[in-house]
Amino acid sequence: MENRDFVYINGTWRPATTGRSIPVENPATEAVIATVPEASTEDVDAAVMAARTAFEQWSGTAVAERVRLLRALREQIVLRHAEIAETITAEMGAPRWISTRIQAALPATVVGAYADLLEGYEFEERSGDTLIVREPAGVVGAITPWNYPLHQITNKLAPALAAGCTIVIKPSELTPLSAFLLIDACEAAGIPPGVVNLVTGYGKGVGEALASHPGLDVFSFTGSVATGARVAELAAQNITRVTLELGGKSANIILDDADLSVAVKVGMANAFLNSGQTCTAWTRMLIPASQYEEAVDLAVNYAKGYVVGDPLDEKTKLGPVSSGAQRDKIRGLINTAVTEGARVVAGGPDAPAGMGVGYFVRPTVLADVAPDSTIAQQEVFGPVLSLLSYKDDDDAVAIANNSMYGLHGGVWSKDENRAIAVARRLRTGTVDINGAKYNPMAPFGGYKKSGIGREMGAAGLEEFLEIKSVGLR
Ligand code: ADP
């Protein structure tokens, strides 16, 4: 990978005023693959200032022009697809199949979907004698995590630009390289200077400078609950509106009339996707007590198909997790689960055989997990699936809702109405029935500690709009 020596402010590449850079490591090899600038508070100021100035013009651009530019951006992302996939594999270890089919593909899908949505969106309506106008909210600060490095950014960038807002982006220090390719795409698409700005650096420095900046109108964050609480507190000092997409501990409820074999198979694939580093991962599989042992056997069998290894190898299903700290945390949680009475039926806390280098974790299945135990309550962000048993539908709903999180859930049944009835009782922002397909325009977000606000769809656009009522007579 190439070093990226400059931050992007007001349409210009310039060095960070600190003169320092930060290393980016490949978690499969533990080698430093490139460096990016460590921006300063002054760089953040300059970026927010540039976004403020650019907002004057950009907020008044015709909708048709914003649609055109979003489509041009989509095309530029598509042109860079292979390079983006390769970069994401290098910076966070996603196997090639995930990088090409998901990591590098979804950003273009989302940008395109927002262009389509914008084309038909009604910014104005009448209510009696009042004209209700939705206006661009202003300057957006965006801080994103490392699990889907580019998708997390475009989930904010696309609706912000569609709304007529300008943006300052701070990607995760673990995975900043793909963000530079997005900026290259923005430039090539002809997005005007100052509309999109990129500053890189650590959370405590650049991240806090951005979250606490008085020049922001909206602050949009995706990451952990602890950091979400911290940045929301910083943004609150300026009464800046926040959108928070935080963690999850999603329950996948297999009802007693479901096809057990399919439900276990797809449920496991969901839990292990991206080495379990997906906030919607179905990490708690809820199985009827009468079918529990059969489900455990199925899970043990399917787990054998999850080959851990070099993300560049086509056979690899699971790459490393993103960092050494993450690996250690996951291993610790598996050990705690065992101490608290869980049974390891596949994988385990030790390193995969013959893999001394790289942050690899064995895909692990835990049976007999108690609903209140640490592993059933804490987000793991690793390839660890917990199997829980339940008595009846009421019990399943109670166990599913026994969580501080409320991001996502799953329900499996041959009877769609029965599944929908269970889905309605889950205190979560999204639920998929029988392994529903990804819809880029379905609003996405959490109840409880999983967050505030929504991304995607019209609800996601509206996070970046202010509502003005104009009374007439
Ligand atoms: P994770 O890496 O577990 O998703 P974080 O919430 O720590 O969790 O990281 C998400 C993003 O938040 C990253 O871009 C990181 O740099 C940033 N970040 C971390 N700590 C802070 C902080 N105190 N203030 C602002 N941003 C932060």
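The values are calculated or read from the model by the stated rules, or taken from the named source; none is laboratory data. Predicted model only: the values in this text are computed from it and were never measured. FYI the Cβ positions are ideal-geometry reconstructions off the backbone, even for glycines, and counts take in every protein chain you see.
Things worth noting here:
- Among the candidates 210, 260, 216, 273, the residue that is of a type outside the set (S, T, N, Q) and closer than 21 Å to residue 94 by Cα is uniquely 273.
- A search for C-beta distances below 7 Å between a residue of region 163-189 that is farther than 10 Å from residue 76 by Cα and any residue that is at pLDDT below 95 and more than 16 Å from the ligand (Cβ to nearest atom), counting only pairs 6+ apart in sequence or on different chains, returns 177/1.
- Qualifying residue in region 436-444 (condition: in contact with a strand residue (DSSP E or B) (Cβ under 6 Å, 6 or more places away or on another chain) and closer than 26 Å to residue 456 by Cβ): yes
- Taking the criterion of being under 20 Å from residue 167 (Cα atoms), in a strand (DSSP E or B) and either free of Cβ contacts under 8 Å to residues at least 24 places away in the same chain or in contact with an Asp or Glu (Cβ under 8 Å, 6 or more places away or on another chain) (or both), the residues of region 9-35 that qualify are 9, 13, 14.
- Search result, residues across region 49-72 that are touching a Leu at 6+ places or on another chain (Cβ under 8 Å) and closer than 17 Å to residue 153 by Cβ: 69, 70
- Of residues in region 151-171 being in a loop (DSSP other than H, G, I, E, B) and over 15 Å from the mean Cα position of the chain (by Cα), the one nearest to the ligand (Cβ to nearest atom): 165
- Residue 289 vs. criteria hydrophobic (A, V, I, L, M, F, W, C), surrounded by fewer than 20 Cβ atoms within 10 Å (Cβ to Cβ) and either within 16 Å of the ligand (Cβ to nearest atom) or farther than 24 Å from residue 413 by Cα (or both): no
- Filter result for residue 337 (more than 25 Å from the chain's Cα centre (by Cα), buried (at least 17 other Cβ atoms within 10 Å of the Cβ) and farther than 19 Å from residue 100 by Cβ): yes
- Residue within region 110-119 that is in contact with a helix residue (DSSP H, G or I) (Cβ under 8 Å, 6 or more places away or on another chain), within 18 Å of residue 176 (Cβ to Cβ), of a type in the set (Phe, Trp, Tyr) and buried (at least 24 other Cβ atoms within 10 Å of the Cβ) present: no
- Scanning region 453-470 for residues being in contact with a strand residue (DSSP E or B) (Cβ under 7 Å, 6 or more places away or on another chain), of a type in the set (Gly, Ala, Ser) and not in a strand (DSSP E or B) gives a total of 1.
- Matching residues, region 245-269, being in contact with a Ser or Thr (Cβ under 8 Å, 6 or more places away or on another chain) and either touching a residue at least 40 places away in the same chain (Cβ under 8 Å) or among the hydrophobic types (A, V, I, L, M, F, W, C) (or both): 245, 246, 247, 248, 249, 250, 251, 255, 257, 258
Conditions (1) in contact (Cβ under 8 Å) with a residue 24 or more places away in the chain; (2) near the ligand (Cβ under 10 Å from one of its atoms), marked per residue:
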site: 192; (1), (2): yes, no
site: 196; (1), (2): yes, no
site: 204; (1), (2): no, yes
site: 210; (1), (2): yes, yes
site: 237; (1), (2): yes, no
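- Among the residues listed as 40, 59, the single one being in contact with a strand residue (DSSP E or B) (Cβ under 6 Å, 6 or more places away or on another chain), under 25 Å from residue 219 (Cα atoms) and among the hydroxyl-bearing types (Ser, Thr, Tyr): 59
- Only one of the numbered conditions (1) surrounded by 23 or more Cβ atoms within 10 Å (Cβ to Cβ); (2) outside any helix (DSSP H, G or I); (3) within 13 Å of the ligand (Cβ to nearest atom) is not met by residue 174, and that is (1).
- Residue tally, condition within 11 Å of the ligand (Cβ to nearest atom), under 30 Å from residue 184 (Cβ atoms) and not in a loop (DSSP other than H, G, I, E, B), over region 212-233: 6
- In region 239-258, residue farthest from residue 375 (Cα to Cα) [restricted to those that are among the aliphatic types (A, V, I, L, M) and away from the ligand (no atom under 13 Å from the Cβ)]: 239
- With respect to the stated conditions, residue 143 is within 16 Å of the ligand (Cβ to nearest atom), under 20 Å from the mean Cα position of the chain (by Cα) and modelled with pLDDT of 95 or more.
- Pairs where the first residue, in region 53-82, is within 22 Å of residue 133 (Cα to Cα) and the second is buried (at least 16 other Cβ atoms within 10 Å of the Cβ) and polar (S, T, N, Q), C-beta under 6 Å, 6+ apart: 54/166; 55/166; 58/166
- The conditions of being within 16 Å of the ligand (Cβ to nearest atom), touching a strand residue (DSSP E or B) at 6+ places or on another chain (Cβ under 6 Å) and not in a helix (DSSP H, G or I) are not met by residue 133.
- Among the residues of this structure, residue 85 counts as one that is within 19 Å of the chain's Cα centre (by Cα), outside any strand (DSSP E or B) and farther than 18 Å from residue 439 by Cα.
- For the residues 187, 173, the requirement of being within 28 Å of residue 64 (Cα to Cα) and modelled with pLDDT of 95 or more singles out 187.
- Looking across region 340-357, the residues that are surrounded by 14 or more Cβ atoms within 10 Å (Cβ to Cβ) and aliphatic (A, V, I, L, M) come down to 342, 344, 345, 346, 351, 355.
- Taking the listed residues 166, 100, 130, the one that is of a type in the set (Ser, Thr, Tyr) and in contact with a His (Cβ under 9 Å, 6 or more places away or on another chain) is 100, with no other qualifying.
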